[in-house]
Structure formats: C-alpha cells, structure tokens
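Reading through the structure tokens given below for one structure.
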Ligand SMILES: Nc1ncnc2c1ncn2[C@@H]1O[C@H](COP(=O)(O)OP(=O)(O)OP(=O)(O)O)[C@@H](O)[C@H]1O
Ligand SMILES: [Mg+2]
C-alpha cells in the first residue's frame, strides 16, 4: 500500500470545476503511475482540456485535490506552481505557438526560461528536437507560415524540449494525416521509453490511443465512467464505449 | 413596435451599470499590479526595448504629419484673431504655450492610443484566445510580467519622447505658416518661442504624458488579457481599448491640468 501510493505520480481526487454555474468536472478522479501512459477519451466539450489544464494549475478547481509528485497543486501560489511546472510538458490542443517568434525561438524559449544551458547546447537541442518531429527545414520560419500539422509537431517539440518527467498531450494527432499521426504516436512511445516519461494523452484518435495507451479512461458527465486497456474496453458492450470504438472497427 | 416591460429595462440597466463597475474595478486592480511587478526581477529589458522600437515605428509617421499640420493650422487660425486685438506679436508665444502645455501632449496621447492601445489589445487578445498566454505560464513565465509590464513600461518611456518630438514639429509647423505669410523670420519666431516657454510649462506638459502612456498600455493590456469568445473577441478588445484609453486620457488630463494650475500657478 505504501509503495503503491509513492508510485502514483499524478493523483487527481474528486475534482469539481464549473463555468458560469455549469459543472464540467463532477468529482473526477484519476491516478497515473510513474512511467505509465494514460489515454483519455471523451466527447467534444466534455471537459478533457479542462482536466489537463487543472493539473498544471492553469485552471483552479472549486473542490478536490490534485497531487503531482506528491505535491498538492490546487491552491498553490505562483512560485510553488512554477516549481511543479518545471516537471511538466504541455502540448496544447491548438499548438499555442508564439506567433511573434520563429520556430527556433519558440523552442529556445522554455530552455532559456527553465534551464541555464549554454548557447551552443541550446542550439544543439533545438535542432535535435526538430529533427525528431521531422521539421528540421522549418527552423527559421514563422508559425504563420506553417501548416496546422506542422504547428502541432512544433508544439510537441517545444513541450518536450526541457525533458520533463510528465507530458500532457492535448490531442497530439488531431488534424494530422494518418501516416504522420502514426509517426507521432510512435514518437510518443519512443520518448516515453527513452526518458521515462509519464503521460496523459487526450485524443479522439483510436489508432493513437491503441499505440500509446497503457490504460484508457473514458470521461463522461464529469467523471470517468470506464477504465481499462485498449483490448478490455474494445470488448465492452456499453453503447458509449462502442461509439468510440466503432469509428475504427 | 416591441414593448420592453419597465421591470426588464430596469434590470437591464442595472446589469449594465454593474458590469461597468466591474470593469472599472478590474482595470484598477490590473493597473495596481503593475507597481507591484515593476520594481522586482525578473526584468525583461530586451522585451521593453523591442516594444519601444515598435511603438515608435508605429506612431512616428502619423505623429510627424499630424504634429506639423496641427502647428500650421493653429498659426493660420490664430493670426486673424490675434491681429484683430492688436496682439499679432504674441503669436509665437501663444503657439508655443498652447502646444507645449496642452495640444502636444493630448494629441500625441490620443494618436498613440489609437495605434497602440488597439494594437496591444488585439495582440494580447489573440495570444489569449490561442492559449499562448497559457503556454507562457506553463513555461514558468509570469505573463503579466512578460507581456504587460514590458509593454506598459515601453509606453511610459516612449510617450514623453514622442511628445517632445510632436511639440517641436508643431511649433515648427506654426513657423512655416508664419514665414509663408511673410510675418516673421526664423530668428524672430524662435527667439519669441524660447523666451515664452519655461521649464514650468515643459515639465508638467511632457511629464503628464508618462501617465497617459501608462493608461494606453494598461487599458490595451487589460482588454487583451480579458478577451473571450475567440477571434470576434479580439476585434472587440481592440476597439474597446481605444475608446476607454481615449476617454481616460481626456479625463485624467482634466485632473492633471487642475493640479498643475494649483501647484505651478498660471
Ligand atoms: N475558460 C473557460 N471559460 C468558460 N468555459 C470554459 C472554459 N474552458 C472550458 N469551458 C467549458 O468547459 C467545457 C469543457 O471544455 P473542454 O475544452 O475541456 O472540452 P474538451 O473535452 O477538451 O473538448 P474538445 O474535444 O472539443 O477539445 C465546455 O463546455 C467549455 O465551454
Ligand atoms: Mg479540448
């Protein structure tokens, strides 16, 4: 039991969050073990992004507890939050690249703010990271000159460039063609292995879920209604679960 | 015609008044935060310089044209009136004082408000709706410090400089009008201007534009930071910023003029 509790890297318990009196998260709970890859499925507008944002403290829930590495996030001041955020990479749903900066500057930014690596190391990391997402040639372009899929990949590169222990992916493959989506999913698995990353991935892409998930949780009505491996969920007769899986099979 | 019941109407106005109060309260708190941040590190001087350059580049062409023509028109319009009272000789002094004390600062501030408040509102607004502000926060960068303090500082520092520039151009514009009409020479005009203007005219006139700079920056940033509802909200942030900044500049100017007259005399 003791060692179990220490194993849990992200611990969400009974979290409530509402907007304008409308409850979006209604007592949601989720435990993610160190090194595990959790996938969240759920209908559009159900609160998946809200949950991810609550974990990094971008949104503050009204009730409940969120622990990252054993430390409570809810109600934390900015300085302590920043300490926790150093361990977390966040891939935004719409990439959220800084439009006033080139791709290179976008990637340099977290390194400059969060580490004190020397210039040549920063340059090396940026190039390496872009090669990883297959965008080495876009290094000096502005975000406005990139396609949606390219922006997505730059956003992913930016999120993992500081080698965070935890990565939150908000629809990492949305808007990508099936081949690129497959490559990105493989990349996520590869990164997780190489750097021992713990991740939560929000996705609508069943192929991605199949590739990256150790476990899948389905968010509905503000709580997780189903949880299990890809194979386990695929066999369920529940209409909601079937609806997600029917899309591919 | 559709009739709106009185009770509904009362409720509507009540809600409008309430949201206006909320906005005033919000801007005040947002503005006060600036003073809490500006004296503590991390300082982003690189960003401040970048925004100063942008602000100057954005405003100088328009200010050059408007400043010169404003002085020219002021001279053209005042000449007949002053002549009628036999006071034509005071024209350079009058132009200098009008420009330096009031027109230069206010026109500069209003023009910069139009260009820059809206620019800041739109820029930060689009950063807000595309989650770039969230991205900053996740990188442990305080968005207020990085985005707001830098822009507001740039406005505070640039506005006095731009005002001196406009003052100078306007007085020169007055000279052009006068010299074309054959009323003066370079020496005559500028020795009148210099002997009429003292530091007690210049300091409050230029100094208050730092306050206008603060208003321009803070209101633009507030509207940007509180943008909701996607791209449509970005446009609204930009226009609201200009309207609120302009109103506040005029209003604050009125107060500053009263205070200046109290402390520095006529
Ligand atoms: N900052 C906010 N202010 C007000 N309402 C919000 C805010 N963020 C999210 N919501 C609301 O919360 C609900 C859940 O939003 P969320 O973005 O988490 O959906 P999602 O599950 O990520 O959907 P999608 O798959 O479309 O991204 C929506 O109804 C949305 O309108
Ligand atoms: Mg979402």
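By how many nm would the segment from residue B:262 to residue B:179 lengthen if fully extended, with 0.36 nm per residue of separation less the alpha-carbon distance?
Numbers: separation 83, 0.36 × 83 = 29.88 nm, distance 3.66 nm.
Gain on stretching residue B:262 to residue B:179: 26.2 nm.
Just to be sure I understand: of the beta bridges DSSP finds with both ends in the protein assembly as shown, what percent are antiparallel, rounded to 5? Please list the in-between numbers first.
Numbers: 21 of 39 bridges.
So the antiparallel bridges in the protein assembly as shown amount to around 55 percent.
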Q: Using label points projected 7 Å from each Cα along Cα→Cβ, tell me how many nm separate residue A:238 and residue B:73, to one decimal.
A: 7.0 nm
Q: Compare B:129, B:116, B:152 in a GNM of chain B, Cα atoms joined below 10 Å, and give the one with the largest fluctuation.
A: B:129
Q: Specify the residue with the greatest mean-square fluctuation among B:201, B:167, B:134, computed from a Gaussian network of chain B linking alpha-carbon atoms under 10 Å apart.
A: B:134
Q. Which FRET efficiency, nearest 0.05, do residue B:13 and residue A:210 yield, Cβ-Cβ r, R0 41 Å?
A. 0.10
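Give me the inter-chain shielding for B:126-136: mean count of other chain Cβ atoms within 10 Å, whole number please. The partial results should precede the final answer.
Details: counts 1, 4, 0, 1, 8, 12, 10, 2, 7, 13, 5.
Per residue, the number of nearby Cβ atoms from other chains is 6 on average.
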(Q) Once each part is reduced to its C-alpha centroid, what is the distance from segment B:14-35 to segment A:151-216 in angstrom? (A) 41 Å
Q: Answer rounded, prolate or oblate for the protein assembly as shown, using the Cα gyration tensor with square roots of eigenvalues a ≥ b ≥ c: rounded when a/c is under 1.5, else prolate when a/b is larger than b/c, else oblate.
A: prolate
Q. Rounded, prolate or oblate: which one fits segment B:1-81, using the alpha carbon gyration tensor with axes a ≥ b ≥ c (rounded when a/c is under 1.5, else prolate when a/b beats b/c, else oblate)?
A. oblate
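Kindly state, to the nearest 0.05, the FRET efficiency for residue A:65 paired with residue B:161, given R0 = 45 Å and r defined as their beta-carbon distance. The partial results should precede the final answer.
On the way: r = 52 Å, r/R0 = 1.16.
After rounding to 0.05, the efficiency reads 0.30.
Report the antiparallel proportion of the DSSP beta bridges in segment A:95-249 as a percent, rounded to a multiple of 5. Don't skip to the end; give the middle numbers.
On the way: 5 of 10 bridges.
Looking only at bridges with both residues in segment A:95-249, the antiparallel portion is about 50 percent.
Ranked by Cβ crowding within 10 angstrom, fewest neighbours first, how are B:162, B:12 ordered? Don't skip to the end; give the middle numbers.
Numbers: B:162 24, B:12 11.
With the fewest neighbours first, B:162, B:12 line up as B:12, B:162.
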Q) Under a GNM of chain B (C-alpha, springs under 10 Å), which listed residue has the highest mean-square fluctuation: B:171, B:215, B:133? A) B:133
Q | Bins of 10 Å from zero: percent of alpha-carbon pairs in segment A:67-140 | A | 16, 41, 30, 13, 0
Q: Normalise the Debye intensity by I(0) for segment B:30-264, one equal point scatterer per Cα, no solvent, then take log10 at q = 0.07, 0.10, 0.12, 0.18 Å⁻¹ and round to two decimals.
A: -0.27, -0.52, -0.70, -1.23
Q | Separation of alpha-carbon centers, segment B:230-257 and segment B:58-85, rounded to whole Å | A | 26 Å
Q) Which peptide among A:161-172, A:72-83 comes first, and what is the full order, when sorted by highest mean count of other Cβ atoms within 10 Å? A) A:161-172, A:72-83
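Just rank B:58, B:208, B:8, A:69, fewest to most, by other beta-carbon atoms within 10 angstrom.
B:8, B:58, A:69, B:208
R0 = 22 Å: FRET efficiency of residue B:45 with residue A:119, Cβ-based, nearest 0.05?
With a Förster radius of 22 Å, E is 0.75.
Among A:37, A:144, what is the fewest-to-most ranking by other Cβ atoms within 10 Å?
Values: A:37 23, A:144 8.
By the 10 Å Cβ count, ascending: A:144, A:37.
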Q. Is segment B:177-227 rounded, prolate or oblate when judged by the Cα gyration tensor, a ≥ b ≥ c being the square roots of its eigenvalues, rounded requiring a/c under 1.5 and prolate requiring a/b larger than b/c?
A. oblate
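Read the figures in this text as sums done on the coordinates, not as results from a lab. Predicted, not measured: the structure shown is a model, and the values here were computed from it. Because the Cβ atoms are built from the backbone with ideal geometry, glycine has one as well, and the counts that use them run over all protein chains shown.
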